[in-house]
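**Q** My questions all concern the structure below.
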Amino acid sequence: MQAQALIHQVADKADQQSRQSLIALKPLAEDIVDLERILLPAGACFENELESSLPPAQCDPVVFHQIMLRGIRHARRALDPRGTLGIRLRNSSSGKRSCISCREGFEGSFVELVIKDSASRLDAADIECLTGVPPQHSPSGGALDDLAGIHALVHAQGGHLQIHRHEPAGISLHMFFRAAD
């Protein structure tokens, strides 16, 4: 899990970097959603919800596309041919929340990107592995490397990541990008 080694380095640098300019994430998400409609297997269900009135958020447009594409790739890796892939982009301004690596948590106004699948079977140990010290000689290219890469990219933008497990199967990635006040 080579990408996992980047998480802590990037997370430490994100706060030190100057804040990026604010951009509208909805048009960027629409491009990917339109592409995904074409690529999804015919029997699979595609659910998406992109809120119409979102504040601009801090994220580089190219990085946002990378995050979305990696998140979708992770979701599609486990997606059953008749499974469900969901993509949501919404305003999120509730109280204190936790991130998989920010022990002190975070709060404030964010634009939240959610990518949900109906089949992943990650357990708590897999998710916990993303926040630990990376092993020196582990193979790369697996589902956890995708998640570690997403985590590193989100943190590089000053954002946060949550992973929710669903029963009997499936996960949702919740990525938070700091929104304009």
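Nothing in this text is a laboratory measurement; each read-out follows from the coordinates by a stated rule. In this text, all values refer to a predicted model and were calculated from it rather than measured experimentally. Cβ: placed from backbone, ideal geometry, glycine included. Neighbour counts: every protein chain shown.
**Q** Convex hull over the Cα atoms of region 23-106, averaged projected area in nm²? Intermediate results must be reported in sequence, preceding the final value.
**A** Details: hull surface 25.9 nm².
Computed as one quarter of the Cα hull surface, the answer is 6.5 nm².
**Q** Related question: Which FRET efficiency value, to the nearest 0.05, is calculated for Glu51 and Asp181 with the Förster distance at 25 angstrom and r the Cβ-Cβ distance?
**A** 0.90
**Q** For region 28-181, report the convex hull volume of the alpha-carbon atoms normalised per residue, in Å³, without decimals.
**A** Output value, Cα hull per residue: 117 Å³.
**Q** On to the next question. Work through the residues other than Ala148 whose Cβ is under 12 Å from its Cβ and net out their charges, Lys, Arg +1 and Asp, Glu -1.
**A** -2
**Q** Right, another one. Hey, rough spin-label estimate for Ala24 and Val63, points 7 angstrom out along Cα→Cβ, what's it come to in nanometres?
**A** Simple spin-label model gives 2.2 nm for this pair.
**Q** Can you give the FRET efficiency for Arg37 and Glu104, using 1/(1 + (r/R0)^6), R0 = 35 Å, r = Cβ-Cβ distance, to the nearest 0.05?
**A** E between Arg37 and Glu104, to the nearest 0.05, is 0.35.
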